[in-house]
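The values are calculated or read from the model by the stated rules, or taken from the named source; none is laboratory data. Here the structure is a predicted model, which means the values were calculated and not measured. Using ideal geometry, Cβ is built from the backbone for each residue, glycine included, and neighbour counts are taken over all protein chains shown.
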Amino acid sequence: MSGSRNQDAARAAWGAATPDWIDVLATACDATSQTAVAQRLGISGSAVNAALRNRYPAETVRIEQRVRGVLMRATVACPVLGELASDLCLEWQGKAETFQDTGQLRRRMFAACRRCARSRFPKETVNGQ
């Protein structure tokens, strides 16, 4: 059990259906700390803890994509930027929430993120509303 405290907690909370990204998150936390991993992911330590223990009060999609991009090096195909890490896809979606910057790239991302299958924007904004 020593050295796998987070893995044990995650498996106890998630059971046999423990997602692969939770296993990776737990392993990373066991190698350093929840705080260090949270900083690397750009989220709070309490969010990491809650996700590991299957007690996160909202959808875990954002945490999952951060883990996949930062820790698992997962990539997605962006219609504008090409291949990029899944966590960077989330960052661009955040930047594309508003149209404050009138730069060419920001305008393209504003439109592309709303049409993308990975979009986190509500359906009414995906169709140009």
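Given the criteria out of contact with any Phe, Trp or Tyr (no Cβ under 7 Å at 6 or more places or on another chain), part of a helix (DSSP H, G or I) and either assigned by TED's automatic domain parsing to the domain that holds Ala117 or farther than 21 Å from Phe121 by Cα (or both), does Val80 qualify?
No, not satisfied.
The residues in the stretch 12-62 that are assigned to a helix (DSSP H, G or I), of a type in the set (Val, Ile, Thr) and exposed (fewer than 12 other Cβ atoms within 10 Å of the Cβ) can be counted, and the count is 1.
Residues in the stretch 102-126 that are touching a helix residue (DSSP H, G or I) at 6+ places or on another chain (Cβ under 8 Å) and modelled with pLDDT under 80: Arg120, Phe121, Thr125, Val126.
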